[in-house]
Amino acid sequence: MMKLRKWTFLGMFIVLSFVLSTVIVFPNMAPAQHMMNVIGAVMLGPGYNALAAFLSGGLRMMLSGRPLVATSGWIGAFLSGLVYRKTHCLWLTVATEMIGSGMIAAVLYYYPMTAFVGADLPSPLFYIPFFLPSAIVGAIIGGIVQHLLRKHQIINQKITHN
């Protein structure tokens, strides 16, 4: 029964992340994935959270035609899930999502873009100004949503223990 519950919530997170990332778009930002990464870090744990982010990114990549979207979203999801598992500190989890998706993933995104897509980019730091603002906004929103879910006891336990 617990395994079915884990997979059900994983599916819900994938769909919710995909839909919200398609609908909630600010100028030059799509913060919904980062919001879901923070919520998922608390509720899903690192493995399922990373899988949800990867599959959601894959769906967006297939439907949008944007290359390699899925190569980066899972990094912040996994790292923030690990940090939450070790510390149970929501705001440290938020900061980890910002760093993981906004900086580490941005640097790692450079390599497949130059190798497989042939983008002529000046530096591995090139994508940070594009990734970081979205990660900051989305992670803060995710932290606020998760805080409100806890405060009002809408959800007061993790879904998985991976």
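Miscellaneous remarks
- The chain: relative contact order as a whole-number percent, Cα under 8 Å and 6+ apart: 27
- Per residue, in Å², the accessible surface of region 1-149 once ligands and nucleic acids are set aside, probe 1.4 Å: 49
- Gain in span if fully extended, Arg85 to Ser123, counting 0.36 nm per residue against the direct Cα distance: 10.3 nm
- Protein accessible area in region 1-124, 1.4 Å probe - carbon and sulfur %: 74
- The chain: angle of helix 73-87 to the longest principal axis, Cα-based, in degrees nearest 10: 40
- Sorting 12-22, 32-42 by their mean Cβ neighbour count within 10 Å, with the most densely packed peptide first, gives 32-42, 12-22.
- Exposure of Trp7 as accessible area (Å², to 10), given a probe of 1.4 Å and all protein chains: 130
- The value of relative contact order for region 66-155, using C-alpha pairs under 8 Å at least six residues apart, is 28 percent.
The values are calculated or read from the model by the stated rules, or taken from the named source; none is laboratory data. Please read all numbers here as calculations on a predicted model, not as lab measurements. Positions of Cβ are generated from backbone atoms using ideal geometry, with glycine treated the same way; all protein chains shown enter the neighbour counts. Keep in mind that these areas ignore ligands, DNA and RNA; they rest on the heavy atoms of the full protein, side chains included. Shrake-Rupley method; radii C 1.70, N 1.55, O 1.52, S 1.80 Å.
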